[in-house]
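Notes follow the structure.
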Amino acid sequence: MGCGRVGSTLARSLEDRNHTVSIIDNNPDAFRRLGPSFNGDKITGYGFDQAVLAKAGIARADAFAAVSSGDNSNIIAARVARESFGIQQVVARIYDPGRAEVYQRLGITTVATVKWTADQVLRRILPAGAEPDFRDPSGTIRLDQLPISEPWIGQRTIHLQEQARVRIAWIDRLGEGMLPDKNTVLQEGDLLHVVIREENAAAAYTVIETGPEDKN
């Protein structure tokens with residue numbers, strides 16, 4: 001639901017991945033954003049109207065995304081899709097981060113665009129570690145990315161994980177992602193993506209910056 005910049009991009013991206021897509025918008029002119037190559041169904045109406053959803057083929061749908069410009073419309077449509085039609089994969093775009101957290105706890109996956117954008121900017125202007133790439137809804141686990149520090153070059157990843165009490169999810173090395181194993185040795189230029197418990201983040205960064213306790 002919603003054929004603005006996000007909705008039209010999402011619809012084309014799904015179709016490019018060989019999914020069948022129906023898109024709903026109350027303004028038929030909005031469908032121009034899809035371009036002439038779009039083959040999905042274009043339904044004029046409100047996405048929280050059950051008749052409109054039925055016309056769009058929601059009975060056959062595996063997922064529903066409410067990405068219009070209105071928080072209320074997105075939440076209502078998401079709830080109708082989930083509660084009236086039994087769609088389990090439902091996502092709603094919400095501008096108000098406070099409301100997004102409430103609906104997240106109710107089981108509706110939300111994308112709080114204002115908070116997401118602000119977090120992206122913060123991660124780029126604050127010192128490393130000040131804001132994580134991702135924090136789970138409970139606030140317990142965070143995912144951070146950080147360049148390898150000089151003292152750890154030549155050390156095995158298993159030693160860094162043990163001493164910093166982190167898990168390395170993957171390493172960006174020479175422009176490619178790699179999954180480390182117990183024998184992987186850290187190299188100059190590595191960018192680590194590490195999973196850390198929130199209460200251990202400060203101590204982990206200290207270990208990562210200062211180097212291993214024992215280099216043998």
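Considering only SER138, PRO212, SER13, whose Cα is most displaced toward the positive end of the charge dipole of the chain, charges sitting on Cβ of Lys, Arg (+1) and Asp, Glu (-1)?
The residue sitting most towards the positive pole is SER13.
Going toward the positive end of the dipole of the chain, with +1 on Lys and Arg Cβ and -1 on Asp and Glu Cβ, which of GLY175, ILE94, PHE38 do you reach last?
PHE38
What is the sum of charges, Lys and Arg at +1 and Asp and Glu at -1, for the other residues whose Cβ falls under 14 Å from the Cβ of CYS3?
Charge balance near CYS3 sits at +2.
What shape does the stretch 150-196 take by its C-alpha gyration tensor, where a ≥ b ≥ c are the square roots of the eigenvalues and a/c under 1.5 counts as rounded, a/b above b/c as prolate, and the rest as oblate?
Working: a/c = 1.59, a/b = 1.22, b/c = 1.30.
Cα axes put the stretch 150-196 in the oblate bin.
Only bridges whose two residues both fall in the chain count here: according to DSSP, what percent of them are antiparallel, nearest 5?
Details: 18 of 30 bridges.
So the antiparallel bridges amount to about 60 percent of the total.
Do the sum for the chain: with -39,500 (n - 2.57) for every DSSP H run of n ≥ 4, divided by all residues, what is the mean residue ellipticity at 222 nm, to the nearest 500 deg cm²/dmol?
-9500 deg cm²/dmol
Normalised by the number of residues in the stretch 5-119, what is the relative contact order in percent for Cα pairs under 8 Å and 6+ residues apart?
17
Over the chain, what relative contact order in percent results from Cα pairs under 8 Å that are six or more residues apart?
Normalised by residue count, the contact order of the chain is 13 percent.
Comparing GLY189, GLY57, GLY175, which has the greatest mean-square fluctuation in the GNM of the chain with Cα pairs linked when under 10 Å apart?
GLY175
What is the stretch 128-210's relative contact order, in percent, from Cα pairs under 8 angstrom and six or more apart in sequence?
It comes to 37 percent, rounded to a whole number.
By average Cβ neighbour count within 10 Å, what is the ranking of 41-50, 75-84 from highest down?
Result, highest mean first: 75-84, 41-50.
How large is Rg over Rh for the stretch 5-119, taking Rg from the Cα atoms and Rh as the Kirkwood inverse mean of 1/r across Cα pairs? Write down the numbers at each step before the final one.
Values: Rg = 13.7 Å, Rh = 14.4 Å.
Dividing the radius of gyration by the Kirkwood radius yields 0.95.
Taking semi-axes √(5λ) of the Cα gyration tensor in Å straight from the coordinates, which label in (i) 39, 27, 18; (ii) 26, 22, 16; (iii) 43, 19, 15 is the correct one?
Correct label, based on the coordinates given: (iii).
Positive end of the dipole of the chain, charges at C-beta (+1 Lys, Arg; -1 Asp, Glu), about the Cα centre: which of GLN104, ILE158, HIS193 has its Cα farthest in that direction?
It is GLN104, whose Cα lies furthest towards the positive end.
From the P(r) of the stretch 128-210, can you give the percent of Cα pairs sitting at distances over 18 Å?
Cα-Cα pairs of the stretch 128-210 separated by over 18 Å account for 34 percent.
Taking the Cα centre of the stretch 128-210 as the origin, how large is its charge dipole in debye, to the nearest 20, when only Lys and Arg (+1) and Asp and Glu (-1) carry charge on their Cβ atoms?
280
Quote the FRET efficiency, to the nearest 0.05, computed for LEU174 versus GLU209 with a Förster distance R0 of 25 Å and r equal to the Cβ-Cβ distance.
0.60
How far, in nm, would the chain grow between GLU150 and VAL195 when pulled straight, counting 0.36 nm per residue and subtracting the alpha carbon separation?
Extra length from GLU150 to VAL195 when fully extended: 14.2 nm.
How big is the charge dipole of the stretch 14-89 about its Cα centre, in debye rounded to the nearest 20, if each Lys and Arg gets +1 on its Cβ and each Asp and Glu gets -1 on its Cβ?
Once rounded to the nearest 20, the dipole reads 80 debye.
Under unit Cβ charges (Lys, Arg +1; Asp, Glu -1), what dipole magnitude, rounded to 20 debye, does the chain have relative to its Cα centre?
720
Please list, in order along the stretch 44-50, the HN-Hα scalar couplings obtained from phi with the Karplus expression 6.51 cos²θ - 1.76 cosθ + 1.60 (θ = phi - 60°), rounded to whole Hz, x for Gly and Pro.
Listing the rounded values in order: 8, x, 9, x, 9, 7, 4 Hz.
Only the coordinates and a few stated rules stand behind these numbers; no lab work does. Because the structure is predicted, anything quoted here is derived from the model rather than measured. Using ideal geometry, Cβ is built from the backbone for each residue, glycine included, and neighbour counts are taken over all protein chains shown.
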